[in-house]
Amino acid sequence: MELRAQVPSGPLEERWTRHRSEIQLVAPANKPKHHIIVVGSGLAGASAAASLAELGYEVSCFCFQDSPRRAHSIAAQGGINAAKNYQNDGDSVFRLFHDTIKGGDFRAREANVYRLAEISTQIIDQCVAQGVPFAREYGGLLANRSFGGVQVSRTFYARGQTGQQLLLGAYQALSRQIGRGKVRMYARHEMLDLVVAQGAARGIIARDLVSGARTAHVADAVVLATGGYANVYYLSTNARGCNATAIWRAYRRGAAFANPCFTQIHPTCIPPAGHHQSKLTLMSESLRNDGRIWVPLQAGDTRAADQIPDAERDYYLERQYPSYGNLVPRDVASRRAKDVCDQGRGVGPGGRGVYLDLRDAMARLGRHVIVERYGNLFEMYERITGEDPYQVPMRIYPAPHYTMGGLWVDYHLMSTVPGLFVIGEANFSDHGANRLGASALMQGLADGYFVLPYTIGHYLAQAALPKMDAGHAAVRDTDAQVDERLRTLLAGKGRHGADHFHRELGKVMWDECGMSRRAEGLKAAIERIRALREEFQADLYVGGSGAELNQSLEHAGRVADFLEVGELLCQDALHRDESCGCHFRDEYQTPDGEARRDDARFSYVAAWQFMGAGKPPMLHKEPLSFEVVHPSQRSYK
Amino acid sequence: MSGVVLHVWRQAAPATPGRFERYQVEGVTAEMSFLEVLDLLNETLRARHEEPIAFDHDCREGICGACGMVINGRPHGPRRATTACQLHMRHFPPGVEIWVEPWRAKAFPVIKDLVVDRRAFDRIIQAGGFVSVRTGSAPEANAIPVRKHDADLAMDAAACIGCGACVAACPNASAMLFVGAKVAHLGLLPQGQPERYQRARQMVEMMEAEGFGACTNHGECMAACPKEISIDFIAALNRDYLRAAFGAYPSEGAGEPTEG
Amino acid sequence: MRRLLRLSRSLVGKKMLMAVTGLVLFLFVIAHLFGNLKVFQGPDKFNAYAEGLRTVGAPFFQRGELLWAVRLVLVAAVLVHAWAALEVSRASWRARPQGYRLLAANDTTYAARTMRWGGVLLALYVVYHLLDFTFGRVNPAYEPGNVYHNVLASFRAWPVAGAYIAALLVLGLHIYHGLWSAFQTLGLNRSPTAHWRRGTAGVIAALIVGAYITIPVAVLAGLLH
Ligand SMILES: Cc1cc2nc3c(=O)[nH]c(=O)nc-3n(C[C@H](O)[C@H](O)[C@H](O)COP(=O)(O)OP(=O)(O)OC[C@H]3O[C@@H](n4cnc5c(N)ncnc54)[C@H](O)[C@@H]3O)c2cc1C
Ligand code: HEM
Ligand code: HEM
Ligand code: SF4
Ligand code: F3S
Ligand code: FES
């Protein structure tokens, strides 16, 4: 396998524009002859499916929820970045590009990131035209807010529901095409495998989750927009259904998996309350703009928050990072929270929590301002914890949130399997080792609206694809393998449902491959995961049949894949003997506890190739060169 | 808190008759969400090799609109502005008996247990719940200022999560709140003006073809709506629909999807 | 007309027809009330008013012509109103073939929930009322032309007066919900006035019904001779 990034040459600012006008086009009359499968209806998938259909391609779109509108993108709260410079505070495409490269700790491809920053402005135009009700100022123009880790206000938002509004925009565009008969929508369908014929991606095997029927879908290209795999940690801020099955199956069919260990832990989530906790809820990062984070100075201090005088509180972020204070990037904020809890200074049940306190802001700005800014977040907090955040400070703790890693793609967003394109959070993306707040929505929409529709044409115009139908041997073989896998799962007559194994896996991943990692811990985790896989095989119970709505079966299939993803994640973390961005190896830190990057040895994208079941995967390296932004030590002090 | 009694509607398939089944669930804590209680029950059922209860859910933070069931006669349960997934057990007295039913409407047929088919909502949006804008053809975002008040009101309407509780709660099983929210959202913004009246007509036609009932202004939908969407938007829909019928807007070609 | 027909094919359109006809009936109820209150001015004035109803519009109209025109409008309104009510109700019954074990009521009112049967009761009441005062079939003491006498004769029998009062309460409920509902249906409710329209409808309904009820009560109490 060779990693050909296909990055065009020339000055950074002109690459995309030039390249876009040079790549091949599909003749209008030929577009309807090409069938494209888009798996996923989140920001990336819905925007891509709608745009491709508009261009005239025949499109089929899949999602496992009952409606494309429910894709996990709906849950994004904070906002979306764009280099509009509406605030006149010195923002520019270059600055957004620079911030993203730096925020990602120099582990992303310069050309891709530049393109992303460039396209960002068009996304806002597009969304406004679709009727996305972004927040506005009294003059009627768009409002912005600032978001962690940067010094300009470039984040566009729609209350605390930006992801919802952007997704509804894309969903409506998609709906329009469905209504026109240009997109066939398969809701409640789960992709269970990728069909590869003569070395090219030619279709998928999906399961109709209502009838249980397996169906084969043949196409000229397949686009995966299936989101991230943070649910490998069991408890995360992701929706319960988020899974790695689509990308994992593609990985097993030859698509390289890049930087799996780059997973982001979000600092401001509501801490878990007990064993039956089924997911963690994110509190918008915007709270850090006005909130102060602290823990008691003394370990084991069990007084209520309001009983602890200021002198006995440790505002540890303000103390350690005088210039950024509570606004340090996510990875730093998360690790410091873990540190103070490890020191026994954590608050709340189990000592896993720190205070996020808006008392001072309330005194300074007045309660009504806080109500206006954060009222709905406070309500959400109250709903979940039963505590009134106007009276007692909120408790927060980091939680798995986002995965920078994903399937490796070239500049055209094509994976190592020709004809298999990967967009949105599912690809290894433009965020390097750490994503900045409000940049995932931007990337998903950039990929789906403005990049893929061009680059996929280039592929289709060139590829000489033989005619194929569902009777093709490759389709039949893949289908038989899926059938076999489902049968094995259904045959399980053990003691535990898939949840049990998922929870166990999550514990291992969180403890050993979470906010900080160590070589021995990772090795032990790999052993434990392998053992867990065996237990899973021996002791799983699914029940029911494959010919009906069977949620136990769906979950079991996803957990089976997570049990493999987890191992690769640990392996990648183990091989990367450096700390960078969200990947923090205890062994590699500066004396004051900051990440120590090793550019000499690790300035590359680690792309793993599947070599067969039970065999170790093979590592391929895509070297990263920085022509414009020179790697430096991140400093937020 | 510890034991609760659940009476859950069990129905194997759309055409088979359903019935309530009684379950005693132990080990429930005040911190658990209602769906976590169902998780817990399902885990026990699986351990007994019995069929777990099917229910829709995904985000579990009140935004995706996947969850939804009638809990003691109230869609999404007793708390205002709260989805089933965000409903916590501390709001129930210990030992409480809870009856759980699926949304009931002809347009939302039961698939299994508490899972219903809500694709009718998607088809309503497909009939006109959009602004026709080709990717890449949009003007500069700040070219058209929008009054903050209008933008805020549009956002109020746009907050709908498409859960269907409004239909479930409506004595007429009417979908007017859902449709009204979308028509108002787009109709309040300058970008939505060109297709405004046509949109209202097409969405209403699709809504009626799907078999939803007629609104007689009970207001139950608003009480059940987890996003507290106001029935003012139903009035707004009626207004636009009336103008579509009598105003100087093209009334031919109704029902055809817009081109362009 | 074509547009009206198309409107009448959709449920939302039928609701609008109901609202418009309901408002026409509502206007009649108000006008009728003003007329009926003249009963307190004594037999001469009241009978003169009744006579006036038949001669109003002269010289353009012959005796009774205008009255008949109004009657036609009323009959049409009632027919359309009732037909639309039936259609809309049937659509709603069809929309939920399987009911709930329990569906709690939160924001709806008793008035809203009794619109359908209340409407049927009103229809029955009007039939009885016509037989009573217009055709004199159920009023043994009926004297054509002596409206004052007819009213008093009827209401002196307390069961009749009681039935009238009950019907008027039903009418009150129907107007309370109907008036607000009609504004909502015709899209006239906008913020911020939308929030006090409901209360206003209640006040208007109460005033109307209260005023009507004074008549049977006054007769029973022997205040009118
Ligand atoms: C709580 C939360 C808050 C966030 N806030 C922000 C924010 O403020 N700003 C920001 O920029 N980013 C934010 N993010 C990140 C951002 O929301 C996501 O990265 C982004 O939405 C991912 O979009 P996507 O289109 O790639 O995937 P998703 O939206 O996850 O969509 C995945 C789609 O794939 C489908 N799918 C998956 N697997 C299969 C399968 N096997 N078969 C068929 N279909 C399948 C699903 O049905 C779904 O339609 C947030 C994330 C979370 C969890
Ligand atoms: C023939 C007997 C009648 C029947 C069967 C009837 C039935 C109904 C029904 C079912 C409704 C819909 C309920 C709702 O919107 O919640 C309604 C509405 C209404 N009715 Fe009647 N009604 C009758 C007589 C009257 C009378 C005499 C009046 C006048 C006072 C009246 C005024 C209204 C009004 C104003 C509405 C509101 C219309 C709307 O919301 O669209 N109705 N009626
Ligand atoms: C105390 C209450 C009422 C009194 C005393 C009363 C009295 C009368 C009288 C005396 C007439 C006959 C008039 C005539 O022939 O000249 C009449 C007619 C009529 N009333 Fe009433 N009425 C009352 C309430 C109502 C109500 C509540 C309604 C409707 C909901 C109603 C509807 C009618 C109608 C439709 C007619 C026939 C009008 C016509 O001749 O065209 N009345 N009423
Ligand atoms: S209007 Fe409210 S209740 Fe109805 S679908 Fe939308 S969010 Fe749910
Ligand atoms: S409850 Fe039903 S009747 Fe109308 S106001 Fe709401 S849709
Ligand atoms: S599960 Fe998403 S709203 Fe309840």
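The values are calculated or read from the model by the stated rules, or taken from the named source; none is laboratory data. Owing to the predicted nature of the structure, the values given are computational and were not obtained by experimental measurement. Quick reminder, even Gly has a Cβ in these numbers, built from the backbone with ideal geometry, and neighbours come from all protein chains shown.
Structure above, values below:
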quantity	calculated
Unique residue being loosely packed, with under 13 Cβ neighbours inside 10 Å, of a type outside the set (S, T, N, Q) and away from ligand 4 (no atom under 16 Å from the Cβ) when the list is C:Leu79, C:Leu86	C:Leu79
Only listed residue being out of contact with any Ser or Thr (no Cβ under 6 Å at 6 or more places or on another chain), at negative phi and within 11 Å of ligand 3 (Cβ to nearest atom), chosen from C:Tyr176, C:Tyr142	C:Tyr142
Pair list, Cβ under 8 Å, 6 or more apart: the stretch A:1-27 residue in contact (Cβ under 8 Å) with a residue 40 or more places away in the chain and under 26 Å from A:His620 (Cα atoms), other residue exposed (fewer than 14 other Cβ atoms within 10 Å of the Cβ) and of a type in the set (A, V, I, L, M, F, W, C)	A:Met1/A:Met618
Index of the failed condition, A:Ser516 passing every other in (1) surrounded by 14 or more Cβ atoms within 10 Å (Cβ to Cβ); (2) modelled with pLDDT of 95 or more	(2)
The stretch C:106-115, residues that are of a type in the set (A, V, I, L, M) and at the interface with chain B (Cβ under 7 Å from one of its Cβ atoms)	C:Ala112, C:Met115
Neighbours by Cβ (under 9 Å, 6+ apart or cross-chain): first from the stretch C:159-184, under 17 Å from C:Gly210 (Cβ atoms); second modelled with pLDDT under 95 and within 16 Å of ligand 4 (Cβ to nearest atom)	none
Every residue from the stretch A:455-478 that is in a helix (DSSP H, G or I) and touching an Asp or Glu at 6+ places or on another chain (Cβ under 7 Å)	A:Leu460, A:Thr478
Residue count for the stretch A:174-196, restricted to those that are over 20 Å from A:Gly241 (Cβ atoms), away from chain B (no Cβ under 14 Å) and either out of contact with any Leu (no Cβ under 9 Å at 6 or more places or on another chain) or not in a strand (DSSP E or B) (or both)	1
Evaluation of A:Gly300 against (1) part of a loop (DSSP other than H, G, I, E, B); (2) out of contact with any Lys or Arg (no Cβ under 7 Å at 6 or more places or on another chain); (3) more than 14 Å from chain B (Cβ to nearest Cβ); (4) on the phi < 0 side of the Ramachandran plot (one fails), failing number	(4)
Test: residue in the stretch B:169-176 that is more than 7 Å from chain A (Cβ to nearest Cβ), part of a helix (DSSP H, G or I) and within 15 Å of B:Ile229 (Cβ to Cβ)	yes
Test: C:Tyr148 is touching a residue at least 60 places away in the same chain (Cβ under 8 Å), of a type in the set (Ser, Thr, Tyr) and within 10 Å of ligand 3 (Cβ to nearest atom)	yes
Residue in the stretch C:89-103 that is nearest to the other protein chains (Cβ to nearest Cβ), counting only those that are surrounded by fewer than 16 Cβ atoms within 10 Å (Cβ to Cβ) and farther than 19 Å from C:Leu11 by Cα	C:Leu102
Candidate set from the stretch B:148-168 (those that are closer than 30 Å to C:Trp93 by Cβ, more than 9 Å from chain C (Cβ to nearest Cβ) and away from ligand 1 (no atom under 16 Å from the Cβ)); member that is surrounded by the most Cβ atoms within 10 Å (Cβ to Cβ)	B:Cys166
Candidates C:Arg71, C:Arg96, C:Arg101 - the one that is within 16 Å of ligand 5 (Cβ to nearest atom) and of a type in the set (D, E, K, R)	C:Arg96
Count of residues meeting criterion [closer than 22 Å to A:Ser516 by Cβ and part of a loop (DSSP other than H, G, I, E, B)] in the stretch A:591-630	8
Some residue of the stretch B:181-188 being facing chain C (nearest Cβ under 10 Å) and away from ligand 6 (no atom under 16 Å from the Cβ)	no
Restricting the stretch C:160-198 to residues that are part of a helix (DSSP H, G or I) and at pLDDT below 90, the residue that is farthest from the other protein chains (Cβ to nearest Cβ)	C:Trp196
Some residue of the stretch A:480-488 being more than 29 Å from the chain's Cα centre (by Cα) and surrounded by 14 or more Cβ atoms within 10 Å (Cβ to Cβ)	yes
Count of the stretch B:76-107 residues which are out of contact with any Pro (no Cβ under 8 Å at 6 or more places or on another chain), more than 9 Å from every other protein chain (Cβ to nearest Cβ) and under 25 Å from C:Trp93 (Cα atoms)	3
Residue among B:Glu36, B:Glu51 that is outside the structural domain of B:Ala184 (by TED's automatic domain parsing), away from ligand 5 (no atom under 16 Å from the Cβ), part of a loop (DSSP other than H, G, I, E, B) and of a type outside the set (Lys, Arg)	B:Glu51
Which listed residue, of A:Ile101, A:Ile74, is crowded, with 24+ Cβ neighbours inside 10 Å, within 22 Å of A:Ala5 (Cα to Cα) and in contact with a helix residue (DSSP H, G or I) (Cβ under 7 Å, 6 or more places away or on another chain)	A:Ile101
Hey, A:Leu549 modelled with pLDDT of 95 or more and surrounded by fewer than 24 Cβ atoms within 10 Å (Cβ to Cβ) or not	yes
Number of the exception - A:Thr416 against (1) within 30 Å of A:Ala225 (Cβ to Cβ); (2) assigned to a helix (DSSP H, G or I); (3) away from chain B (no Cβ under 14 Å); (4) touching a Leu at 6+ places or on another chain (Cβ under 8 Å)	(2)
Among (1) farther than 30 Å from B:Glu43 by Cβ; (2) in contact with a Leu (Cβ under 6 Å, 6 or more places away or on another chain); (3) surrounded by 24 or more Cβ atoms within 10 Å (Cβ to Cβ) - the single one A:Arg207 does not satisfy	(1)
Test: residue in the stretch B:2-23 that is away from ligand 3 (no atom under 16 Å from the Cβ), away from chain C (no Cβ under 14 Å) and within 30 Å of A:Gln77 (Cβ to Cβ)	no
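Let's see how each residue does on (1) at pLDDT 95 or above; (2) surrounded by fewer than 20 Cβ atoms within 10 Å (Cβ to Cβ); (3) assigned to a helix (DSSP H, G or I):
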residue	(1), (2), (3)
C:Asp107	no, yes, no
C:Tyr125	yes, yes, yes
C:His129	yes, yes, yes
C:Val138	no, yes, no
C:Tyr148	yes, no, yes
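Let's see how each residue does on (1) hydrophobic (A, V, I, L, M, F, W, C); (2) surrounded by 17 or more Cβ atoms within 10 Å (Cβ to Cβ); (3) free of Cβ contacts under 8 Å to residues at least 24 places away in the same chain:
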site: B:Val4; (1), (2), (3): yes, yes, no
site: B:Phe20; (1), (2), (3): yes, no, no
site: B:Thr29; (1), (2), (3): no, yes, no
site: B:Phe34; (1), (2), (3): yes, yes, no
site: B:Asp39; (1), (2), (3): no, yes, yes
site: B:His57; (1), (2), (3): no, yes, no
